[in-house]
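**Q** Can you read through this structure? Questions will come right after.
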Number of protein chains: 2
Amino acid sequence: MEQNAAVLAPRGIDLGQPVIDVDIHVNVPSEQALVPYLSDHWREYLRYSAFKLPTDTAYPKGAPTSALPGTAPENGVPGSSLALVREHVLDAWNVEVGILNCSYAADSLHNPDTAAAMSAAVNDWLIGEWLDKEPRLRASIVVPSRVPELAAKEIDRLGGHPGVVQVFLPAVSEAPYGHRRYWPIFEAAARHDLVVSLQFGGAPGNPPTGAGWPSYYVEEYVGMAQVYQSQLLNLVVEGVFDHFPTLRMAMIEGGWTWLPSLMWRIDKDWKGLRREVPWNTRTPSEYIRERMRFSLQPLDGAPDPKHMLMLIDQIGSDEVLMFSTDYPHWHFDRPEEAVPAGLPDVLRRKILSENARSFYRLS
Amino acid sequence: MEQNAAVLAPRGIDLGQPVIDVDIHVNVPSEQALVPYLSDHWREYLRYSAFKLPTDTAYPKGAPTSALPGTAPENGVPGSSLALVREHVLDAWNVEVGILNCSYAADSLHNPDTAAAMSAAVNDWLIGEWLDKEPRLRASIVVPSRVPELAAKEIDRLGGHPGVVQVFLPAVSEAPYGHRRYWPIFEAAARHDLVVSLQFGGAPGNPPTGAGWPSYYVEEYVGMAQVYQSQLLNLVVEGVFDHFPTLRMAMIEGGWTWLPSLMWRIDKDWKGLRREVPWNTRTPSEYIRERMRFSLQPLDGAPDPKHMLMLIDQIGSDEVLMFSTDYPHWHFDRPEEAVPAGLPDVLRRKILSENARSFYRLS
């Protein structure tokens, strides 16, 4: 991603087959958009309180990484127009199924009832304005993740909707998601056979690094990969996958080229320290390969294509990567930055569509 | 590292040449050991206060990872006996120069004067009991890192000692070390041409992950690699290496197999976001390759030796790795876990001795 490079996107790249895009971002354009989906109480609350929409965002408006030029509709925000998503993503990339992720920062709302009501409104907006109008789309639902019991209620409310395939959790959280306080979320997701996803961002109030608060956005952006690594490790060793044997989790927009070295490290140290986590009956990397999937973008890849293939080989499974455009975020200009070059045919097809089809139970 | 594997260490492995070991841990055996190195005031303080030694440790006594069997002297703690360090490390591994790292948790002491006094006593103990008695040894000095001005004073006090080659900073800190509040430490180190090192552990009181407090030691242990990654990123983008053009930093016991993927990610995102850090005149990976070095252990490596060689190739420099035993910690049993197999001769020699010789200016 170069600020001054010739911009390929929002044009698509012909990948020679229909794809499943597991990461299309949509944004609520304004509080007005949610009004039709709120009860009288919450409409009045919006009208009379200072609260409009959460202001926390992991994608500052002016940062070059936040949006490709040309993705904002007139007077709107990038990812808020179905017409543009159809043009820039669904049609341009030959998308068979696209999964919508709406980074509405419900976790930044400290009033639990507001967080629950606004999450529900966002989800009903996603269904009413997107899923009902475009059969190629599916969605992740936003939940009030600070209050797991309310999050579970929202999952129960919408878990049966055929367009809902996933629960959206922000990667940065107040405590690691493996902690038992969060288990009601996993229990509800498992009840409806939904994937639980970790997604870029989060605004819990605690520092997003293991060494306190960074100073610059570039650190928050790059450092998000470390947050995913901490969460992944915690989810495995706390026994979430042992306790919920059908649970599946997707790591969306957190990168994946760090995965081999992390698995080596976890497996090695787990061998020495597993006595304290006796519920883990297999090596951590086995849980990861079986139960977790990773979106392809951002592809923080090696300049040398042979290193990319080696990395995928090191993961030890051809099933963990799932194609994503991460629209409208700006991750790539050149085709080989969108999808690694030189993939064997079977692996390429799995990454472009089959891994996601199977993981999300898409028919 | 397998709990029940046949134990090779504390025997050494014949590597066919003298080595420079950049990570030998020593431990203060008891508060009594420091008494000769304290002023009357602090002796009295030790006698009359509840304070003995910091209890925070990144290496719990009973954890299998903390120490190889057989490394504790009778009635003592591992790494507290010069005779055993000679036998298990210096002689067994044919060590030409060994660098001592004493994980005394000065950063856990909130009284700044106590932290400074105890750091000074530990350093004088290192000189008196180790450096003065064994010419093959060098040492990192402990500093009261919470109070950078006092840390700088301690660096000035001992920076001219020929056995002192490095400043010891715990990896987990209250704020990332690139923050300007810490710059007096780098300034003092640069003044004496000392390396500044980040070392496993740290007890600042804030959570050691970007998603709050983990539950288990295995997470703290594995997750330490993420802390190093956050620190490294912060040190580069805050401009520490631009501001201190001769500063060199060593990442000790934080792993390094995560380095290629991190450098790809930082370089890529920096290209889009570098406007906010205009002091960086080169790509972040260039600073890392030129100014940072990494200890070989823990070698969280690929099971396949060809992947190990590929990883080193991906780093893009044959100068960044430095051999370490990490004695008395238990990282390996088999020779190929101690040093990667199949290294080309020149690279192997650089890793085993020449990189450290040049970086630490060892004559």
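The values are calculated or read from the model by the stated rules, or taken from the named source; none is laboratory data. Everything numeric here is computed off the predicted structure, so don't read it as measured data. Positions of Cβ are backbone-derived with ideal geometry, glycine not excepted, and every protein chain shown enters the neighbour counts. Ligands, DNA and RNA are excluded from the accessible area calculation, which covers all protein heavy atoms including side chains. Shrake-Rupley method; radii C 1.70, N 1.55, O 1.52, S 1.80 Å.
**Q** Go through region B:14-51 and give me each residue that's part of a strand (DSSP E or B) and over 26 Å from the mean Cα position of the chain (by Cα). So that I can check it myself, show each step before the final result.
**A** Initial filter on region B:14-51 (part of a strand (DSSP E or B)): B:19-26.
None; the set is empty.
**Q** Spot the failing condition for B:GLY255; the list is (1) within 12 Å of another protein chain (Cβ to nearest Cβ); (2) part of a helix (DSSP H, G or I); (3) under 30 Å from B:PRO340 (Cβ atoms), and only one is missed.
**A** It fails just one condition, (2).
**Q** Is it fair to say A:LEU84 is hydrophobic (A, V, I, L, M, F, W, C) and assigned to a helix (DSSP H, G or I)?
**A** Judged against the criteria, A:LEU84 is a match.
**Q** If you go through region A:237-280, how many residues are among the hydroxyl-bearing types (Ser, Thr, Tyr) and closer than 25 Å to B:PHE332 by Cβ?
**A** 1
**Q** Looking only at residues in region A:43-77 that are open to solvent by less than 40 Å² (accessible area, probe 1.4 Å) and over 21 Å from A:GLN199 (Cα atoms), which one is modelled with the lowest pLDDT?
**A** Taking the candidates together, the pick is A:PHE51.
**Q** In addition: Please work out if B:ALA203 is within 13 Å of chain A (Cβ to nearest Cβ), in contact (Cβ under 8 Å) with a residue 24 or more places away in the chain and not acidic (Asp, Glu).
**A** yes
**Q** Would it be correct to say that A:ARG361 is modelled with pLDDT of 95 or more, open to solvent by 10 Å² or more (accessible area, probe 1.4 Å) and not in a loop (DSSP other than H, G, I, E, B)?
**A** In short, no.
**Q** Every residue in region A:298-312 that is closer than 17 Å to A:LEU347 by Cβ and either at the interface with another protein chain (Cβ under 8 Å from one of its Cβ atoms) or touching a Gly at 6+ places or on another chain (Cβ under 9 Å) (or both), please.
**A** Scanning region A:298-312 gives A:LEU299, A:GLY301, A:ALA302, A:PRO305, A:LYS306, A:HIS307, A:MET308, A:LEU309, A:MET310, A:LEU311.
**Q** Just to be sure before I move on: is A:VAL339 touching a strand residue (DSSP E or B) at 6+ places or on another chain (Cβ under 6 Å), under 26 Å from A:VAL195 (Cα atoms), among the β-branched types (Val, Ile, Thr) and touching a residue at least 60 places away in the same chain (Cβ under 8 Å) in the structure I sent?
**A** For A:VAL339, the condition - touching a strand residue (DSSP E or B) at 6+ places or on another chain (Cβ under 6 Å), under 26 Å from A:VAL195 (Cα atoms), among the β-branched types (Val, Ile, Thr) and touching a residue at least 60 places away in the same chain (Cβ under 8 Å) - is not met.
**Q** Sticking with this one: Mind checking which residues of region B:201-232 are at pLDDT 95 or above and of a type in the set (Asp, Glu)?
**A** Correct list: empty.
**Q** Which of the residues belonging to region A:43-54 are out of contact with any Asp or Glu (no Cβ under 9 Å at 6 or more places or on another chain) and in contact (Cβ under 8 Å) with a residue 24 or more places away in the chain?
**A** A:TYR45, the sole residue that qualifies.
**Q** Taking B:LEU235 as meeting all but one of (1) within 22 Å of B:VAL196 (Cβ to Cβ); (2) touching a residue at least 60 places away in the same chain (Cβ under 8 Å); (3) within 11 Å of another protein chain (Cβ to nearest Cβ), write down the number of the exception.
**A** (2)
**Q** Moving on to the next point. Looking only at region A:96-106, filter to residues that are buried (at least 24 other Cβ atoms within 10 Å of the Cβ) and touching an Asp or Glu at 6+ places or on another chain (Cβ under 8 Å); which one of those is farthest from A:SER358 (Cα to Cα)?
**A** The selected residue is A:ASN101.
**Q** Can you confirm whether A:GLN3 is surrounded by fewer than 17 Cβ atoms within 10 Å (Cβ to Cβ), over 24 Å from A:SER119 (Cα atoms), modelled with pLDDT of 85 or more and touching a Lys or Arg at 6+ places or on another chain (Cβ under 8 Å)?
**A** no
**Q** Quickly run through region B:178-220 and pick out the residues that are under 17 Å from B:MET251 (Cα atoms), of a type in the set (Gly, Ala, Ser) and in contact with an Asp or Glu (Cβ under 7 Å, 6 or more places away or on another chain).
**A** Selection gives B:GLY178, B:GLY202.
**Q** Restricting to region A:208-223, and then to whatever is open to solvent by 10 Å² or more (accessible area, probe 1.4 Å) and touching a residue at least 60 places away in the same chain (Cβ under 8 Å), can you tell me which residue is farthest from the other protein chains (Cβ to nearest Cβ)?
**A** Of everything passing the filter in region A:208-223, A:GLU220 is farthest from the other protein chains (Cβ to nearest Cβ).
**Q** On to the next question. Checking B:ALA356 against (1) part of a loop (DSSP other than H, G, I, E, B); (2) of a type outside the set (Phe, Trp, Tyr); (3) closer than 30 Å to B:PRO69 by Cα, which single condition isn't satisfied?
**A** Here B:ALA356 clears every test but (1).
**Q** Checking the structure you have, find out if any residue of region A:70-80 is in contact (Cβ under 8 Å) with a residue 24 or more places away in the chain and within 14 Å of A:ASP23 (Cα to Cα).
**A** Yes, because at least one residue in region A:70-80 is in contact (Cβ under 8 Å) with a residue 24 or more places away in the chain and within 14 Å of A:ASP23 (Cα to Cα).
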